[in-house]
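J.: Can you read through this structure? Questions will come right after.
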Amino acid sequence: MTDTVSYSLHDGVAVITIDSPPVNAVDQVLRAGLKKVLLELRGQSAVKAIVLGCAGKTFVAGADIKEFDTGIAEPGYHEVLRLIEDSAVPVVAAVHGTALGAGTEIALACHYRVAQESARFGLPELSLGIIPGAGGTQRLPRVVPLELALDMMLSGKPLPAGKAKDAGLVDAVLEGEIVPAAIAYARELVRRGAGPRRTREQAVKGAAQASELFAAKRAQVAKTMRNRLAPLALIDALQAAAELDFDAGLKVESTLSAQLEQATEAKALRHLFYAEREVRKIPGLPREIAARPVARVGIVGSGTMGGGIAMCCVNAGLPVTLVDATQQNLDRGLATIRKNYQRSVERGSLRPEQMEQRIALITPSLDFAALADADLIIEAVFENMALKKEIFAKLDAVAKPGAILGTNTSTLDIDAIAAVTQRAPDVIGLHFFSPANVMQLLEIVQASRTAPDVLVTAMELAKRIKKTGVVAKVCYGFIGNRMMDPYGREAERCLLEGATPAEVDGALEQWGMAMGILAVYDMAGVDIGHLTRLERAHLLPKDPSFYRPSALLNQRGWIGQKAGRGYYRYDGAERKRTPDPEVIAMLAEEAQRLNIPQRHPDAREIQERCLYAMINEGALLLEEGIALRASDIDVVYTAGYGFPRYRGGPMFYADTLGLKVVYDRIVEFQKTLDPQYWQAAPLLKKLALSGSSFAQWQAEQTR
């Protein structure tokens, strides 16, 4: 077995090699190995320089995040990094792949840094609700300008080697294999008599302008990272770097880091880190089942969804046959695809030749027969059961044996769609989110007869096109839209009780939602939701006020942004949402007609009603087996519905509140509002009264 950390001697240069697949993440074993090797090398007079590199495809790409829950065992990060920095001979970090988090912190503790051109450096700790806690906040601003250091840590975006060199983080970008090149670089340092260059002994770059910078960044964070602890703590740590000596600043960093690691924000983000990996584990699915090969994809419908799905596929190198009913539709769809790619070219994230290569992978057609050689066909037309059944009957006739038929429906019964074919085991739901080429989530809906290898293929497709695939079973709306219904219901009922659209959305956005639900309806089209409800009118309560606001808007043609008005007005070139007095007056008049008391719910009540209704529906989904895990629901909502990641998702958030708190409030709403809407899910009631949680329930289900 290969040692996690080993060293070899090369004519005066010791090469330390970290070998801990798959990404050389720092854990206790790796730290102990580094300490052992560094102490062994300390007494060897023949060693004139040290090169620190990594085996495998990458440099150190992070830390073992389990230690944030279990505690960091000795030796700690600071002890090991201080051993590197205290070396009496120059230490050169040889970086390839990605140096992320602890990887960049290790590189910063080295005296010199060289990298392959393809290497990248990043400190993405904020994505886990923490700050760089191994000296990163103190060392980085001593090698790059303070503002760049702060921006790197606030954004978490990796810095390419070339830009890192320009900034001072990298000393040289070298060609060829990085370790041999780094050995040559180290020998040149020795020849020149260049000794250790300790980062901690350098001055912070830009400290004189620090106070103005920190004031501006705090104001920015208050707007763009509302409700979060870690970004403000990060600024505090950088301020300590600018104002204190290194060791004092390091103590501030350590104190802040320890506090953040145990805060709810960090626990929520760690929860999602694990949950996003757990979604690929499907209970009862044998490991030996292999995915079907997918070499070509067919897509029916070239509108917003179909075009976006086509982009997802060709971005992954999958050829696409795009079918629509008219040439006009195809031309419009292809023009939109080109326009989307052109934006990427203008931003510099895509080269013109790459755009042309991807567009060339799309073959437009008006003939369903063109789909005969597709391994996977995805229907992406609007939500109408009759139309989808008609299309699936056609697909059944032209698709080759073994081809998978996917529907992009967001709400409809996939079993009913599959029933019109002679190949129900080949049918699956593939619910992309708009814009499909941007949104991370893919709801994979397993119908009652979906074959296991079709499900595996869908999961592999999600990975291939860089989506987060979450499995759901068949019901109205699956996971996301099923829970969106009671969430939106309470928002609309708050309107009839006297709250304005701006007050409802403002309360939700203040709490952390990326966009208030009424603004979401306007963006998606008020008519879309209204037509969907008409499709399932038999399932809705008979109460005439149920979803009344959106029905009234639909009657007037005020169907959202595309019409210039919906719950809000959208005037001017920017189409910025502004309150609409006519809508407010219309809602008040309707409430009077329906004899709905004007309670004027405040922000807290709006938040509780919308969120607790969502959580309660999530509990029903778990009971019914529609969602496999509570954490799957959290992934769906944070990946596809703008739920703030720092709150961990609706089910995790409920656990942080305490399920008894949620249950008691639902019981109160049952008494004070409308009992037909406020009935606690049996699972929620059971867990609340027993002092349990969704996390504990999930753990028990998997034993």
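J.: Give the number of residues within the stretch 661-685 that are under 21 Å from residue 631 (Cβ atoms) and in contact (Cβ under 8 Å) with a residue 24 or more places away in the chain.
T.: Final tally of qualifying residues: 6.
J.: For residue 491, are the conditions met, namely being at pLDDT 90 or above, of a type in the set (Gly, Ala, Ser), more than 22 Å from residue 669 (Cβ to Cβ) and outside the structural domain of residue 412 (by TED's automatic domain parsing)?
T.: So residue 491 fails the test.
J.: If you take the residues of the stretch 275-301 that are free of Cβ contacts under 8 Å to residues at least 24 places away in the same chain and assigned to a loop (DSSP other than H, G, I, E, B), which of them is surrounded by the most Cβ atoms within 10 Å (Cβ to Cβ)?
T.: Within the stretch 275-301, the match that is surrounded by the most Cβ atoms within 10 Å (Cβ to Cβ) is 281.
J.: Additional query: Being in a loop (DSSP other than H, G, I, E, B), hydrophobic (A, V, I, L, M, F, W, C) and either over 26 Å from residue 265 (Cβ atoms) or not assigned by TED's automatic domain parsing to the domain that holds residue 112 (or both) is the filter here, so list the residues in the stretch 18-75 that pass it.
T.: 46, 47, 55, 59
J.: Taking the residues in the stretch 100-128 that are among the small types (Gly, Ala, Ser) and surrounded by fewer than 24 Cβ atoms within 10 Å (Cβ to Cβ) as candidates, determine which candidate is farthest from residue 31 (Cα to Cα).
T.: 118
J.: Check off (1) closer than 22 Å to residue 329 by Cα; (2) under 29 Å from the mean Cα position of the chain (by Cα) for residue 393 and give me the number that stays unchecked.
T.: The failed condition is (2).
J.: When you look at residue 266, is it outside any loop (DSSP other than H, G, I, E, B), closer than 26 Å to residue 137 by Cα, in contact (Cβ under 8 Å) with a residue 12 or more places away in the chain and under 22 Å from the mean Cα position of the chain (by Cα), yes or no?
T.: Yes; evaluated as a whole, the condition is true for this residue.
J.: Can you name the number of the only condition in (1) within 30 Å of residue 695 (Cβ to Cβ); (2) exposed (fewer than 13 other Cβ atoms within 10 Å of the Cβ); (3) more than 26 Å from the chain's Cα centre (by Cα); (4) small (Gly, Ala, Ser) that residue 625 fails?
T.: Going through (1) within 30 Å of residue 695 (Cβ to Cβ); (2) exposed (fewer than 13 other Cβ atoms within 10 Å of the Cβ); (3) more than 26 Å from the chain's Cα centre (by Cα); (4) small (Gly, Ala, Ser) one by one, residue 625 breaks only (3).
J.: Here's something else I'd like to know. Please specify each residue of the stretch 129-163 satisfying the condition of being of a type in the set (Ser, Thr, Tyr) and surrounded by 24 or more Cβ atoms within 10 Å (Cβ to Cβ).
T.: 137, the sole residue that qualifies.
J.: Now for a separate question. Among 613, 688, which is the only one that is in the same structural domain as residue 498 (by TED's automatic domain parsing), surrounded by 13 or more Cβ atoms within 10 Å (Cβ to Cβ) and touching a residue at least 40 places away in the same chain (Cβ under 8 Å)?
T.: Selected residue: 613, the only one of 613, 688 that is in the same structural domain as residue 498 (by TED's automatic domain parsing), surrounded by 13 or more Cβ atoms within 10 Å (Cβ to Cβ) and touching a residue at least 40 places away in the same chain (Cβ under 8 Å).
J.: Here's something else I'd like to know. What pairs come out if I take residues in the stretch 580-607 that are more than 18 Å from residue 674 (Cβ to Cβ) and pair them with residues that are of a type in the set (S, T, N, Q) whose C-beta lies under 6 Å away, six or more apart or interchain?
T.: These pairs meet every condition: 584/500.
J.: Within the stretch 462-485, identify whether any single residue is within 30 Å of residue 565 (Cα to Cα), more than 22 Å from the chain's Cα centre (by Cα) and at pLDDT below 95, and answer yes or no.
T.: yes
J.: Give the residues of the stretch 366-386 that are part of a helix (DSSP H, G or I) and either surrounded by fewer than 17 Cβ atoms within 10 Å (Cβ to Cβ) or within 31 Å of the chain's Cα centre (by Cα) (or both), sorted by residue number.
T.: 369, 370, 385, 386
J.: Tell me, which helices (runs of 4 or more DSSP H) lie completely within the stretch 162-262 with 3 or more residues that are over 22 Å from residue 111 (Cα atoms) and either touching a residue at least 24 places away in the same chain (Cβ under 8 Å) or touching a helix residue (DSSP H, G or I) at 6+ places or on another chain (Cβ under 9 Å) (or both)?
T.: 210-224, 230-243, 246-261
J.: Would it be correct to say that residue 322 is under 30 Å from residue 67 (Cα atoms) and either crowded, with 17+ Cβ neighbours inside 10 Å or assigned by TED's automatic domain parsing to the domain that holds residue 70 (or both)?
T.: no
J.: Residues in the stretch 433-461 that are within 15 Å of residue 376 (Cα to Cα) and touching a residue at least 60 places away in the same chain (Cβ under 8 Å): how many?
T.: Here the count works out to 8.
Residue-wise test of (1) under 30 Å from residue 477 (Cβ atoms); (2) assigned to a strand (DSSP E or B); (3) hydrophobic (A, V, I, L, M, F, W, C); (4) over 25 Å from the mean Cα position of the chain (by Cα).
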site	(1), (2), (3), (4)
333	yes, no, no, yes
338	no, no, no, yes
345	no, no, yes, no
364	no, yes, no, yes
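J.: Let me ask something else. Being small (Gly, Ala, Ser), crowded, with 22+ Cβ neighbours inside 10 Å and more than 15 Å from residue 323 (Cα to Cα) is the filter here; which residues of the stretch 387-409 pass it?
T.: Within the stretch 387-409, 403 is the sole residue that qualifies.
J.: Can you find a residue that is in the same structural domain as residue 313 (by TED's automatic domain parsing), part of a strand (DSSP E or B) and touching a residue at least 12 places away in the same chain (Cβ under 8 Å) anywhere in the stretch 409-426?
T.: The answer is no; no qualifying residue exists.
J.: Based on what the data block shows, is residue 248 more than 30 Å from residue 628 (Cα to Cα) and either modelled with pLDDT under 95 or in contact with a His (Cβ under 8 Å, 6 or more places away or on another chain) (or both)?
T.: So residue 248 fails the test.
J.: Quick check on this structure: which one of 521, 476, 487 is surrounded by fewer than 22 Cβ atoms within 10 Å (Cβ to Cβ) and among the aromatic types (Phe, Trp, Tyr)?
T.: 476
J.: State all residues of the stretch 570-597 that are surrounded by fewer than 19 Cβ atoms within 10 Å (Cβ to Cβ) and either in contact with a strand residue (DSSP E or B) (Cβ under 6 Å, 6 or more places away or on another chain) or over 26 Å from residue 557 (Cα atoms) (or both); if no residue qualifies, say none.
T.: Result: 578, 597.
J.: Between 287, 351, 277, which is closer than 30 Å to residue 644 by Cβ and modelled with pLDDT under 95?
T.: That would be 277, the only listed residue that is closer than 30 Å to residue 644 by Cβ and modelled with pLDDT under 95.
J.: Also, I was wondering about something else. Tell me which residues, restricted to the stretch 488-510, are under 22 Å from residue 228 (Cα atoms) and either among the small types (Gly, Ala, Ser) or not in a helix (DSSP H, G or I) (or both).
T.: 506, 507
J.: With 664, 674, 655 as the choices, which residue is on the phi < 0 side of the Ramachandran plot, outside any helix (DSSP H, G or I) and among the acidic types (Asp, Glu)?
T.: Answer to the selection: 674.
The values are calculated or read from the model by the stated rules, or taken from the named source; none is laboratory data. These numbers come from a predicted model, not from an experiment. All Cβ positions, glycine included, derive from the backbone under ideal geometry; neighbour counts span all protein chains shown.
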